[in-house]
Structures are given as C-alpha cells and as structure tokens.
Amino acid sequence: MIITRKALPRRTFLRGLGASVALPLLDAMVPSMTALARTAAEPVRRLGFIYMPMGCDLARWTPGGDGKLLELSPSLQSLAPVVDQLSVISNLELKNAYPGTHATSNAAFLSAATAKWTESTDYYLGTTVDQIAAKQIGPQTLLPSLELSMDLLQTIGQCDNGYACVYQNNLSWSSPTTPLPAEAHPRIVFERLFGEGGTAAERRAALRKRASLLDWVRDDITRLQKDLGPEDRSRVDAYLETVREVERRIQKAEGGAADQQLPDLDRPVGVPAGYADHARLMFDLQVLAMQGDVTRVITFQLARETSNRTYAEIGVPDPHHPLTHHGNDPDKIAKMAKINAFHVSLFAYYLEKLKATPDGDGSLLDHSLLLYGSGMGNPNVHDHVNLPILVAGGAGKVKGGRHIKYAEPTPLANLHLTLLERAGVRMDAFADSKGKIDELLSL
C-alpha cells in the first residue's frame with residue numbers, strides 16, 4: 001500500500017499582518033494509517049504551577065484517610081468533578097524556606113532553595129523547576145514558558161524581614177540571579193500569545209486601533225478550512241471562537257474601566273474589576289496557550305505573599321494577610337478557610353476547562369500535570385511543613401483519586417523531580433530531593 005497523504009505540521013500557524021494564531025491538534029496533523037502514539041502528533045506533555053499564598057486552615061483542607069480519595073475536605077469540595085485526576089499530598093515540607101517568612105515561602109516553592117538574605121540587588125536563589133522544564137521542552141514552542149500573576153503592581157525594596165521584594169514578586173527564576181517577572185494584564189498576555197513585538201505601551205496602543213486579531217488571518221482561515229475534514233473544521237471553528245470570546249471579554253473589561261468617572265490608578269484599563277472574573281480570564285488564556293501549543297510551561301501566582309486583598313465577593317471584607325495571623329481565633333480561621341476554598345474553586349474552573357478541551361486522543365487535562373499549593377503550611381506560625389499541595393492531570397500516566405499522606409515530613413522537591421520525569425525531563429536530583437513520589441504512579 002502506498003500512502004500519499006501528508007500530515008499538516010503540528011506547529012502550524014495562521015499568520016496575518018502583525019499577528020499569528022497557533023492551531024490546536026487536528027486529525028490532519030496525523031499521517032494516514034499511522035498510530036497516533038507513533039507520529040509527530042503524539043500529544044505533548046504540559047506543566048503548570050499555581051501558587052496559593054499564605055498557607056491554609058489545614059483542618060478544613062486535609063481529607064480523611066490515606067490512599068483512595070473517598071471524600072473531599074471542605075476546602076476542596078469544588079474539585080469533585082475532576083477528583084479522578086486529582087491527588088492530595090500531605091506532609092511535604094520546604095526545609096530551605098526557613099527561617100519562616102513570606103518571602104522565602106514564595107521563593108522556595110518552585111526552587112526548594114535557600115534565598116539569600118539581602119535587601120539589595122545581590123539576591124540569590126536557585127533555578128526553579130518550571131525553568132528546568134522550559135530549558136528542555138520550551139524550545140519546541142513559541143514561548144518557552146509563560147509567567148502570570150494577579151497583582152498588577154510590583155513592589156520594590158525590602159518586603160519581609162530583610163528580604164528583597166524580588167523574592168515575593170517572582171515565582172520563576174531562570175538562574176539563581178535571574179527572576180522572571182510575571183504579567184497580570186490580560187490584554188498584554190493575549191498579545192504576547194498571539195501578537196508581535198513592540199513595548200507593552202506600543203502593543204496596547206496598536207490593539208486599540210486594530211480590529212479582531214482574526215480579521216488579519218481571514219484568508220489563511222478560508223484557505224485552511226477547504227483542506228480539512230468536517231471534524232477538523234469543527235475543531236478549528238471552536239478554537240477560534242474561544243479566541244474571539246477572550247477578545248470580547250477583554251474589550252468589555254476595557255469599556256467598563258473607561259466608563260468609570262474616577263480613575264483607578266491601581267488597575268490599568270482592560271482588567272476586570274472582580275477578582276474572580278480576572279482570575280478566570282487569566283485561566284482561559286492559559287487554556288488557549290496550551291491548546292494552541294504556544295507554550296507548555298506556565299506559572300501563575302494567585303496573589304502575592306502578605307497580600308492585603310479583600311474578598312467582598314465571597315463575604316470576606318477583611319484583608320487576607322491579617323486573617324492568616326489568626327491567633328487561633330475561630331472567626332478569623334473560618335474566614336481564611338473561605339478564601340482558601342474560593343481560590344481552589346478558581347483552580348477547579350481551570351481544570352474543568354482543560355478537561356473539556358479535546359487534545360489528541362484525550363483532553364488537555366489528560367496530557368497536563370498541574371501543581372497547586374503554597375510554600376507555607378500553618379500561616380499563624382509561618383511554618384513550612386505539611387504544605388497544602390494538590391496535583392492534577394494525567395500526563396505521564398500519573399494516577400489520580402489519591403490522598404498520599406506521609407508519616408514523616410518529605411521534601412517538596414521529591415514531587416518536583418517526579419513531575420519533571422513525568423513531563424519527559426530527565427534529572428537524577430533536584431534541590432534537596434531524596435527520591436520521587438512513587439505513589440502517584442501506582443494504582
């Protein structure tokens with residue numbers, strides 16, 4: 001038999017003037033009569049890291065029992081739709097985060113390294129796990145990695161007990177001396193994913209004058225659709241409609257901000273006023289980035305350590321940080337736990353979107369691994385043991401529906417090493433790792 005059909009390249013872009021849109025995985029990218037797992041269209045593995053600041057109320061976080069995850073705890077209830085692809089891991093620690101500060105909690109979360117105590121620019125940490133992955137799997141994509149946050153303003157100077165603010169501002173470090181700034185503005189993130197060049201100010205100005213990004217690639221879309229089968233055309237239509245919807249939501253947010261009589265200097269134009277709306281839009285952008293294979297490594301900081309953000313939308317008007325220093329006051333603990341559950345519900349939204357997005361022979365969630373958690377356990381005492389840690393996704397045949405509970409404190413770096421291996425990044429050790437989380441791979 002002679003097979004003449006050629007596969008559409010996996011890294012196919014629709015290109016226009018100053019814009020490009022990467023396509024999701026299509027049947028047309030799989031050569032005829034070949035198994036999916038043996039072609040260039042084999043689903044890629046993706047890594048995501050989501051940071052929750054200032055620990056949690058462990059009593060409401062930790063599920064009962066050990067082994068099969070039979071019942072979710074109060075803080076994790078929103079994750080029920082994806083429980084089969086979820087693992088809760090208890091009693092992981094960050095020894096190198098001591099002496100117990102907010103700065104070191106954030107800094108050590110992905111590095112498992114000791115932050116140099118300094119208020120100046122001679123800061124020193126370690127290369128973070130996401131950047132180790134980005135160096136190996138990142139060159140295959142338009143962006144090696146994507147760093148995101150929810151805080152629009154970067155603090156400078158000394159932030160926490162003599163530690164430079166850089167440790168709280170940045171989750172990702174490409175080297176011990178190179179922190180990678182995160183972006184919180186949805187418009188700028190969208191342009192970074194699908195637009196070209198210019199400074200942030202120039203890109204914002206250009207987008208205001210530009211019609212829908214898809215208008216620039218109309219000819220390519222029309223030409224491509226003629227060569228695709230019905231299922232592929234449907235996938236492309238669904239993907240591009242998602243792009244349009246994200247554009248519409250950003251434009252709506254810009255319009256709402258422009259109509260305000262009093263300027264809000266802390267919230268640039270285009271950022272939704274509500275925290276949850278902003279977070280969901282940032283998660284939607286991450287889904288698009290993964291779906292279009294624009295990047296395979298993403299970090300996202302839900303809020304900065306010592307954040308005094310209030311959450312009136314869930315009935316908690318108190319600043320977050322003071323609530324974590326609760327002094328065992330039941331009312332403050334309950335409010336902190338409500339914030340914990342709220343943050344988790346936004347993560348659940350993200351997971352459900354990934355689960356609903358087809359990718360090859362499964363979904364984006366099937367082919368991703370996501371770590372959600374904090375570098376602090378009990379915030380009232382600033383400890384770094386028994387961290388709240390979740391792992392979701394199925395990439396690398398990771399098994400879900402588990403509560404893995406260690407009898408003794410175990411390095412968080414063991415989990416980092418495991419995630420790297422499951423994503424196809426080979427390393428013998430990472431930071432203070434002493435092994436791997438083998439339980440994630442067993443039934």
Regarding THR118, is this residue β-branched (Val, Ile, Thr) and modelled with pLDDT of 95 or more?
no
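To keep it simple, each residue is scored yes or no on (1) within 18 Å of THR410 (Cβ to Cβ); (2) of a type in the set (S, T, N, Q).
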| residue | (1), (2) |
| --- | --- |
| MET52 | no, no |
| LEU58 | yes, no |
| LEU70 | no, no |
| ASP84 | no, no |
| ASN91 | yes, yes |
| SER111 | yes, yes |
| ALA115 | no, no |
Tell me which residues, restricted to region 98-115, are open to solvent by 20 Å² or more (accessible area, probe 1.4 Å) and either within 18 Å of SER307 (Cα to Cα) or modelled with pLDDT under 95 (or both).
TYR98, PRO99
Any hit, region 119-128, residues being part of a helix (DSSP H, G or I) and under 23 Å from the mean Cα position of the chain (by Cα)
no
If a residue must be open to solvent by less than 10 Å² (accessible area, probe 1.4 Å) and touching a Gly at 6+ places or on another chain (Cβ under 9 Å), how many such residues does region 365-394 contain?
19
Top-ranked residue in region 295-315 [being in contact (Cβ under 8 Å) with a residue 24 or more places away in the chain, of a type in the set (A, V, I, L, M, F, W, C) and surrounded by fewer than 23 Cβ atoms within 10 Å (Cβ to Cβ); ranked as farthest from SER374 (Cα to Cα)]
ILE314
Per-region count, region 54-89, residues modelled with pLDDT of 95 or more, within 21 Å of ALA407 (Cβ to Cβ) and open to solvent by 10 Å² or more (accessible area, probe 1.4 Å)
3
Please list, ordered by first then second residue, the pairs with beta carbon atoms under 6 Å, 6 or more apart or interchain, first in region 97-119 and farther than 20 Å from PRO388 by Cβ and without any contact (Cβ under 8 Å) to a residue 60 or more places away in the chain, second polar (S, T, N, Q) and open to solvent by 20 Å² or more (accessible area, probe 1.4 Å).
THR114/ASN96; GLU119/GLN158
Which of the residues spanning region 52-79 are among the small types (Gly, Ala, Ser), under 23 Å from HIS326 (Cα atoms) and not in a loop (DSSP other than H, G, I, E, B)?
ALA59, SER75
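The values are calculated or read from the model by the stated rules, or taken from the named source; none is laboratory data. Note that the coordinates shown come from a computational prediction; the quantities given were computed from them, not determined experimentally. A quick note on method: Cβ atoms are made from the backbone with ideal geometry, for glycine too, and the neighbour counts reach across all protein chains shown. We work out accessible area using only protein heavy atoms, side chains counted, and drop any ligands, DNA or RNA first. Shrake-Rupley method; radii C 1.70, N 1.55, O 1.52, S 1.80 Å.
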